[in-house]
Ligand SMILES: [Zn+2]
Ligand SMILES: [Zn+2]
């Protein structure tokens, strides 16, 4: 197994990318037209992300397909009613499989935040501890993750659909004290080291350095160790993420296709179309079984 080391400039991602990009081949990809018919021998994936509780008018906006992928930030602050609304929205979509991860805005999905950083939840986001606990108790659930009944929720875990392996992880380098934050460098790498090597599609909330990670001010905020892990150890066919809304779009390094699927724009308007791609069905697998 390739051993990934922490990049010396990891704490300064813009500078790290200035050095790294010299040796990187990177090109833009025009995504498939959403009206392209779904084929019997291919699995159609439909990618969305960063819907931030703005799902009311999204339903008609989402093309048909076999598997819906959502790369996190389903809510604004993780309030139960936002999660219920999202789950209802998922229930109305026709895709046979729906796979979702959390993002930094989905605060109540972050067990550490709920258990040890309650003060943050209460003071900064006005999620009252007692109210939140009452809510969970009334429903007989230990976590808001149980509210997502219409999808498969991944958190450092894997799902397999039609023989295609999909891994999801919500972590991203520290960003204003939100959920699933980790210091840049080893702490992030420790999470990426959990990703198995035979992953076809990797879903993370945050981007890797250099792909869909450029902010409106020109800085790069992606994770250096995530790119190293992808390019030196995992080699997934697709990497789907969001988080940097203005980084919406598709790029490739020739091996992996990188999809920033942020549905919301920088102004939190849910206007970016879902991004679709097809993977041929593995031999011996059919969509009907
Ligand atoms: Zn977001
Ligand atoms: Zn985010």
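The values are calculated or read from the model by the stated rules, or taken from the named source; none is laboratory data. Since the structure is predicted, the reported quantities are computational estimates derived from the model, not experimental observations. Backbone-built Cβ (ideal geometry, glycine too); neighbour counts: all protein chains shown.
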Can you name the residue in the range 187-209 that is in contact with a helix residue (DSSP H, G or I) (Cβ under 8 Å, 6 or more places away or on another chain) and over 27 Å from residue 67 (Cα atoms) and, of all such residues, is farthest from ligand 2 (Cβ to nearest atom)? 189
Could you tell me whether the range 177-193 includes any residue that is within 14 Å of the chain's Cα centre (by Cα), closer than 23 Å to residue 287 by Cα and within 16 Å of ligand 1 (Cβ to nearest atom)? no
Which residues, counting only those in the range 33-49, are under 26 Å from residue 88 (Cβ atoms) and either assigned to a strand (DSSP E or B) or within 16 Å of ligand 2 (Cβ to nearest atom) (or both)? 43, 44, 45, 46, 47, 48, 49
If you go through the range 75-82 one residue at a time, do you hit one that is surrounded by 19 or more Cβ atoms within 10 Å (Cβ to Cβ), closer than 23 Å to residue 177 by Cβ, within 15 Å of ligand 1 (Cβ to nearest atom) and free of Cβ contacts under 8 Å to residues at least 40 places away in the same chain? yes
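Would you say residue 236 is closer than 13 Å to residue 13 by Cβ and away from ligand 2 (no atom under 13 Å from the Cβ)?
Answer is no for this residue.
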Report yes if some residue within the range 201-215 is surrounded by fewer than 16 Cβ atoms within 10 Å (Cβ to Cβ) and within 22 Å of residue 31 (Cα to Cα); otherwise report no. yes
Among the residues that make up the range 133-150, is at least one of them under 16 Å from residue 68 (Cα atoms), within 21 Å of the chain's Cα centre (by Cα), surrounded by 18 or more Cβ atoms within 10 Å (Cβ to Cβ) and modelled with pLDDT of 95 or more? yes
Within the range 94-117, of all residues that are away from ligand 2 (no atom under 16 Å from the Cβ) and surrounded by 15 or more Cβ atoms within 10 Å (Cβ to Cβ), the one nearest to residue 38 (Cα to Cα) is 95
Among (1) over 25 Å from residue 59 (Cβ atoms); (2) touching a helix residue (DSSP H, G or I) at 6+ places or on another chain (Cβ under 6 Å); (3) within 16 Å of ligand 1 (Cβ to nearest atom), which single condition is residue 215 missing? (2)
Can you tell me which residue within the range 50-64, out of those that are under 21 Å from residue 212 (Cβ atoms) and part of a loop (DSSP other than H, G, I, E, B), is nearest to ligand 1 (Cβ to nearest atom)? 50
May I ask you to say which residue of 249, 254 is farther than 17 Å from residue 220 by Cβ and modelled with pLDDT of 95 or more? 254
Restricting the range 65-82 to residues that are away from ligand 2 (no atom under 16 Å from the Cβ) and outside any loop (DSSP other than H, G, I, E, B), which is nearest to residue 108 (Cα to Cα)? 80
